[in-house]
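Asker: This is the structure, below, for whatever I ask next.
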Amino acid sequence: MKNKDYYAILMAGGVGSRFWPVSTQDFPKQFHDMLGTGDTLIQKTFNRLAQLIPEENIFILTNERYNDLVFEQIPSVTKRQVVLEPAMRNTAPCILYASLKIQKENPDAVMIVAPSDHWIEDENAFTQNVSQAFEYCSNNDALMTLGITPTFPNTGYGYIEYDKNSTSNIKSVNQFREKPDYETAKSFLSQGNFLWNAGIFMWSAKTVVNTFKNNQPELFQLFEAGISTYNTEFEDDFIRDNYGKAENISVDYAIMEKSKNVYVIPATFDWNDLGTWGSLYDKLDKDSNNNAVVNAKTLTEDASGNMIRTKDDKVVVLDGLEDYIIVDKDEVLLIFPKTKEQDIKKVLQSVKDKFGEQYG
């Protein structure tokens with residue numbers, strides 16, 4: 001029997017523009033089967049959370065334009081579970097809004113906030129880590145996060161610095177550190193008490209709501225004014241009228257970096273944020289020439305290290321191409337060096353400027 005006080009906020013509002021042309025504003029990456037497993041990323045995340053949390057207590061936070069996609073891909077959820085943002089306002093406003101809804105429904109709720117588009121290998125280890133965090137947060141005034149042990153000096157992630165003297169596997173956080181340059185990232189790794197920030201958070205509803213009240217009083221007052229409407233037929237009207245007034249601020253800046261009662265558990269599972277085609281390439285099986293292939297049938301000659309994705313069973317012939325991203329999607333074909341993948345966002349904007357918004 002799963003604990004009725006356990007809840008989840010599944011974050012599914014992002015666009016994932018670095019995965020263009022597969023991920024678009026109308027159909028972003030969390031609703032795609034990026035790994036070729038038969039499940040989309042949001043389906044995999046929902047099923048992973050459902051191992052610990054009652055399905056009816058998993059709330060999906062997304063932009064209102066993706067409402068239909070959520071119900072298509074997770075038909076078991078009800079309207080109550082789909083929390084719609086009428087405007088893009090980063091993570092703090094939507095997390096506060098969902099937390100107030102959940103607290104009103106169950107004042108004893110303990111919750112996890114989890115991105116919908118991450119790859120996690122050992123789901124049993126993930127469940128164990130979250131269970132430990134839930135138990136701690138149930139009994140303590142704590143803001144908890146899961147940190148990932150770095151495997152190389154990555155400059156694309158934020159870092160969590162924890163107390164070096166801690167012998168417990170629940171460690172007190174000293175500070176959050178912004179995405180570093182390469183030399184700084186190397187120094188973080190050599191110090192041994194830095195973890196990648198995976199953006200996975202756990203806390204009780206009471207703790208997180210009080211933390212917003214203390215650290216973000218204006219944001220708190222904006223959403224607290226709607227308490228009487230939450231979980232009623234009048235909620236949509238209140239949110240439509242007020243959500244756009246919220247500050248555009250991340251939960252890290254809003255509460256995590258300002259709070260003293262922050263703890264981290266070093267995760268015992270392999271993790272990847274699947275932020276780019278290169279990170280997807282790293283996680284996929286490779287053929288004998290080290291090409292990662294999703295859906296396509298390939299014939300290659302002197303071609304290696306490529307990320308290839310097409311519609312089902314499309315034949316791709318490659319000769320003399322190394323370390324490229326090759327993605328065929330409807331009316332767009334992308335052939336782009338992996339070394340320049342961080343520029344895909346800029347390329348997408350250029351395509352939209354030249355050929356129209358329908359291509360992005």
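The values are calculated or read from the model by the stated rules, or taken from the named source; none is laboratory data. Since we're looking at a predicted model, the values are computed, not measured. FYI the Cβ positions are ideal-geometry reconstructions off the backbone, even for glycines, and counts take in every protein chain you see. Just so you know, the surface numbers come from the protein's heavy atoms only, side chains and all, with ligands and any DNA or RNA stripped out. Shrake-Rupley method; radii C 1.70, N 1.55, O 1.52, S 1.80 Å.
Asker: In square nanometres, what is the average projected area of the Cα convex hull of the range 14-164? Don't jump to the answer; show the numbers that get you there.
Answerer: Numbers: hull surface 42.7 nm².
Mean projected area for the range 14-164: 10.7 nm², to one decimal.
Asker: From the cross-link list K101/K179; K164/K258; K245/K345; K171/K260; K314/K354; K164/K213, which pairs have alpha carbons spaced over 23 Å apart? Please report the intermediate quantities before stating the final value.
Answerer: Working: K101/K179 32 Å; K164/K258 20 Å; K245/K345 27 Å; K171/K260 12 Å; K314/K354 28 Å; K164/K213 31 Å.
Violating the 23 Å Cα-Cα cut-off are K101/K179; K245/K345; K314/K354; K164/K213.
Asker: Return P(r) of the range 88-162 (all Cα-Cα pairs; 5 Å bins starting at 0; whole %; ordered from short to long distances).
Answerer: The distribution over the range 88-162 is 3, 11, 17, 22, 23, 16, 7, 2, 0, given as percents.
Asker: A follow-up question, please. So how strong a dipole does the range 142-194 carry about its Cα centre when Lys and Arg Cβ are +1 and Asp and Glu Cβ are -1, to the nearest 20 debye?
Answerer: Numbers: 5 positive and 5 negative charges, 23 e Å.
Dipole magnitude for the range 142-194 comes out near 100 debye.
Asker: For Y324, list long-range residues whose amide hydrogen, built 1.01 Å from N in the peptide plane, is under 5 Å from its own amide hydrogen.
Answerer: Residues meeting the amide H criterion: N306, M307, K338.
Asker: Once you place label points 7 Å from the Cα toward the Cβ at N261 and K2, how far apart are they in nm?
Answerer: The answer from the label model is 2.7 nm.
Asker: Whole-Hz ³J(HN,Hα) for each residue in the range 325-334, computed from phi via Karplus 6.51 cos²θ - 1.76 cosθ + 1.60 with θ = phi - 60°, x for glycine and proline: what do you get?
Answerer: The phi angles translate into 9, 10, 10, 10, 9, 6, 8, 10, 10, 10 Hz.
Asker: For the chain, max minus min Cα coordinate along each principal axis, in Å, sorted largest first?
Answerer: So the extents along the principal axes, rounded to whole Å, are 62, 50, 41.
Asker: Work out, step by step, the length gained on full extension between Q175 and T339: first 0.36 nm times the residue separation, then minus their alpha carbon distance; give nm to one decimal.
Answerer: Values: separation 164, 0.36 × 164 = 59.04 nm, distance 3.15 nm.
Length gained between Q175 and T339: 55.9 nm.
Asker: Can you list which of the GluC sites (Glu not before Pro) found in the range 301-335 are DSSP loop residues with at most 13 other C-beta atoms within 10 Å? Before the final figure, lay out the partial values.
Answerer: Numbers: sites: E301, E322, E331; in loops: E331.
Those that pass, being in a loop and sparsely packed, are E331.
Asker: Apply the Karplus curve 6.51 cos²θ - 1.76 cosθ + 1.60, θ = phi - 60°, to the phi angles in the range 347-353 and return the couplings in whole Hz, x for Gly and Pro.
Answerer: Along the range 347-353, the couplings run 4, 4, 4, 5, 4, 5, 5 Hz.
Asker: So, one more: Report the one residue of A246, G158, S168 whose Cα lies farthest in the direction of the positive end of the charge dipole of the chain (charges on C-beta: Lys and Arg +1, Asp and Glu -1; origin at the Cα centre).
Answerer: S168
Asker: How do Y182, Y6, Y359 stack up against each other in accessible area, from largest to smallest, with a 1.4 angstrom probe?
Answerer: Numbers: Y182 125, Y6 35, Y359 65 Å².
Descending accessible area places them as Y182, Y359, Y6.
Asker: What shape does the range 293-357 take by its C-alpha gyration tensor, where a ≥ b ≥ c are the square roots of the eigenvalues and a/c under 1.5 counts as rounded, a/b above b/c as prolate, and the rest as oblate?
Answerer: On the way: a/c = 2.73, a/b = 1.52, b/c = 1.80.
The shape class here is oblate.
Asker: When the dipole is taken about the Cα centre of the chain, and only Lys, Arg (+1) and Asp, Glu (-1) are charged at their Cβ, what size is it in debye, to the nearest 20? List each step's numbers first, then the result.
Answerer: Details: 36 positive and 52 negative charges, 143 e Å.
Using only the charged Cβ atoms, the result is roughly 680 debye.
Asker: Something else now. With every protein chain left in place, what is the accessible area of T91 in Å² (1.4 Å probe, nearest 10)?
Answerer: T91 has an accessible surface of roughly 40 Å² with all protein chains in place.
Asker: Quote the charge dipole size of the range 211-343 about the Cα centre in Debye, to the nearest 20; the model charges only the Cβ of Lys and Arg (+1) and of Asp and Glu (-1). Present the calculation step by step, with values, prior to reporting the outcome.
Answerer: Values: 14 positive and 27 negative charges, 75 e Å.
My answer is approximately 360 debye.
Asker: For the chain, what is the calculated [θ] at 222 nm in deg cm²/dmol (nearest 500), taking -39500 (n - 2.57) for each run of four or more DSSP H residues and dividing by its residue count? Each step should come with its number before you reach the end.
Answerer: Values: 11 runs with 108 residues, N = 360.
It comes out at -8500 deg cm²/dmol, rounded to the nearest 500.
Asker: List the residues whose amide H sits under 5 Å from the amide H of G147, counting only those 5 or more places along or on another chain, with H placed 1.01 Å from N in the peptide plane.
Answerer: Sorted by chain and number, the residues that satisfy this are I265, A267.
Asker: Quick one: of the DSSP bridges fully inside the chain, what percent are antiparallel, nearest 5?
Answerer: 45
Asker: Please list, by residue number, every one of the trypsin sites (Lys or Arg not before Pro) in the range 123-181 that is coil in DSSP and has at most 15 other beta-carbon atoms within 10 Å.
Answerer: Working: sites: K164, K171, R177; in loops: K164.
Passing both the DSSP loop test and the Cβ count: K164.
Asker: Express in Å², to the nearest 10, the accessible area of F59 obtained by rolling a 1.4 Å probe over the protein heavy atoms while all chains stay in place.
Answerer: Number for this one is 10 Å².
Asker: Shifting gears a bit: Please give the peptides 230-237, 117-124 ranked by average Cβ packing (other Cβ atoms within 10 Å per residue), highest first, as a rough proxy for protection.
Answerer: Values: 230-237: 12.9, 117-124: 16.2.
Sorting 230-237, 117-124 by mean packing, highest first, produces 117-124, 230-237.
Asker: Loop-only trypsin sites (Lys or Arg not before Pro) in the range 213-267, please: DSSP not H, G, I, E or B, and at most 11 other Cβ atoms within 10 Å. Please report the intermediate quantities before stating the final value.
Answerer: Values: sites: K213, R240, K245, K258, K260; in loops: K260.
Sites meeting the loop and neighbour criteria: K260.
Asker: Counting only heavy atoms of the protein chains, get the accessible area per residue of the range 34-111 (1.4 Å probe) and round it to a whole Å² value. Walk me through the numbers before you get to the answer.
Answerer: Details: 2810 Å² over 78 residues.
Roughly 36 Å² per residue, with all protein chains present.
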